[in-house]
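Written out below as structure tokens is the structure these notes cover.
The values are calculated or read from the model by the stated rules, or taken from the named source; none is laboratory data. Remember, it's a predicted structure, so these values are computed and weren't measured experimentally. Methodologically, a virtual Cβ is constructed for each residue, glycine included, from the backbone with ideal geometry; neighbour enumeration extends over all protein chains shown.
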Amino acid sequence: MTQKRHIAVLPVNVANKIAAGEVVDRPASILKELLENSLDAGSSQIDVEIVSGGRKLVSVSDNGYGMIRDDAILSTERQATSKIKDVDDIEKIATLGFRGEALAAIASVSRFRLITNSDDADVGTEVRITGGKMYDVADFGCPTGTTVEVRDIFFNVPARRKFLRTYQTEQTHVRTTFIVQALAHPEVGMSLKVDGRELYCLAGKSTLEERIRELFGHDYNKNLLPVSFSEGDVKVTGLTSLPAFSRSDRAEQYVFINGRAASAALISFAIREGYHRLLPERRQPCVFLFIELPPELVDVNVHPTKKEVRFRKPNDVRDTIISALKSALTIDEGAGDRGQGTEERQPEPVIHRQLIIQDLPEMPVISATADANSVFDQPTDQDHWAPDRDVSESQSDTAKSPWRFCRIVGQMGGLYVVLETEDGYVMMDPHAAHERILFEKFMTDVLNSAVQSQNLLMPETVKLTPKDAQRVRKNLTLFTGMGFGISDFGGDTFVIDALPSFFATASAETLLNEIAHSLDTAGKRGGTERWREESVAQAACKTAVKARDKLNMKEIEKLVLDLSQCEMPYTCPHGRPTMIYTSFKELNRKFARE
């Protein structure tokens, strides 16, 4: 009896269409594959044209090394590539493409035309393919390089075509893909033409800053800080945003791994950790990070579209990214000991290492000898004063400051403090600044188990809601470690007989209520350290100087000095900016002096 066979080898055209489902899902994915091929070909200029969101045409022309006739024909076959030769090459991929599937997959679901020429050929070659079937190969006069035209995507796969979105949506995806590759390779000149209209014409041999300026506008760069850090085999460079410059999503987080636009879950985690306590909830920084490491330490063969990678030493990559961001965002004299390149940081905003006090007559100047152990000096009747003496550079070496010198101009609107710095002016929010100062001081003591408590003259009885009482009861050890003298009085009532010294003037009931509320959110994050940070942040907010509080000039001086010595003086613990900087260059531009 003859047995019926159930397994058969798929025809080549069917196999190619199945492969296309992994590589090609919309015009933007076609553009990505073609751009990567052009970049691998050593192109210095790449020109892109799309029509109808890429549905009718995606065209990519480059001036790379091109192909001879035989290579041009073979390039459209599956698993045909010049990027790797042996299985061992997969362990150390140094090119953007390597699978040899893209052109075959694209040609199987479109009307495909390839024009190419190399320095080794007397004449160029034209290859035409429709729906995966090659029907014409001919000589073609063209300069060195390659042009690929992809028309009528999914014309022979109606089921796939109906999943394409509107022209505008597909065009948006195409533009995003173009921008990503343009950022990854600022040294390459690139242009994008949409429906006959030129959207971008980017110059070659550009720096990252120049490419960002071309893509996002002139004012974008002033909100970015340079990143340059290396540790072990991992190097992280690029730009990252000031905490005050953030977005509601991760759309402006661009990460490149060995020149490839890709990501991994641990990178998103590292970025969040790098900005921990610097941004409000649900706000995201803008980053342009280039991660470099030996090719054998990263596996790019995880996802068909190569969007995700896997690291062989993930902890090293994660920790280096976190350190790189913190090094860029903080003023740390010892940062250079942990990685290389910190001396290169010269951001446009006020980020400097030394606090240099200059004697400016009749203007309030920061006093470097102010008592840093108290929150404020006692109020005085002085409104203006001059420093008793100059503070030498040797005395200011230990000071961390966002300015080289600073003088207090005064207050505006009964709240904001105006400061003049060496290259601009700063508007400071005293409440946010005081929050940051209190938070860092208290957190230092908490983490060092050195919290000082101050007994109350009369113990306070605090009654909480049942839910808050339950949270406090479960975390009595946490409160004790933070410097509270607290005991359960039964029911939903607690007795407070001591408070942390930094917050001794605050209301015990207010502090307990606020911290109890914060535990509900912080507890879900997990970890006692996060609980402490949330609690201290809430306490600092409630204890800090309020907008209605009138500060004299001596208090302002002390506030400015303490803020300049903070590890992160630019935001409060909740991510709000403590100060807003405007350069004299920006003022000159606004007054048409440039």
TODO: Would you mind telling me which numbered condition in (1) modelled with pLDDT under 90; (2) more than 13 Å from the chain's Cα centre (by Cα) residue 292 fails?
DONE: (1)
- [ ] Considering only segment 269-292, state which residues are of a type in the set (D, E, K, R) and part of a loop (DSSP other than H, G, I, E, B).
- [x] 277, 281, 282, 283
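Yes/no per residue for (1) modelled with pLDDT under 90; (2) over 28 Å from residue 65 (Cβ atoms); (3) of a type in the set (S, T, N, Q); (4) surrounded by 14 or more Cβ atoms within 10 Å (Cβ to Cβ):
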position: 118; (1), (2), (3), (4): no, no, yes, yes
position: 121; (1), (2), (3), (4): yes, no, no, yes
position: 126; (1), (2), (3), (4): no, no, no, yes
position: 129; (1), (2), (3), (4): no, no, no, yes
position: 139; (1), (2), (3), (4): no, no, no, no
position: 150; (1), (2), (3), (4): no, no, no, yes
position: 158; (1), (2), (3), (4): yes, yes, no, no
position: 162; (1), (2), (3), (4): yes, yes, no, no
position: 177; (1), (2), (3), (4): no, no, yes, yes
- [ ] Check whether at least one residue in segment 89-110 is of a type outside the set (A, V, I, L, M) and modelled with pLDDT of 85 or more, and report yes or no.
- [x] yes
Open item on the list: Can you tell me how many residues within segment 205-226 are assigned to a helix (DSSP H, G or I), of a type outside the set (Phe, Trp, Tyr) and out of contact with any strand residue (DSSP E or B) (no Cβ under 6 Å at 6 or more places or on another chain)?
Closed with: 9
Task: Looking only at segment 437-468, and only at residues there that are modelled with pLDDT under 80 and among the aliphatic types (A, V, I, L, M), the one that is farthest from residue 507 (Cα to Cα) - done: 447
Task: Residue within segment 180-197 that is within 22 Å of residue 32 (Cα to Cα), of a type in the set (S, T, N, Q) and not in a strand (DSSP E or B) present - done: yes
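Given the condition part of a helix (DSSP H, G or I), among the hydrophobic types (A, V, I, L, M, F, W, C), at pLDDT 95 or above and farther than 14 Å from residue 325 by Cα, answer yes or no: does some residue in segment 255-268 qualify?
Looking through segment 255-268, none of the residues is part of a helix (DSSP H, G or I), among the hydrophobic types (A, V, I, L, M, F, W, C), at pLDDT 95 or above and farther than 14 Å from residue 325 by Cα.
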Open item on the list: Just to be sure I understand, how many residues within segment 113-162 are among the small types (Gly, Ala, Ser) and outside any strand (DSSP E or B)?
Closed with: 6
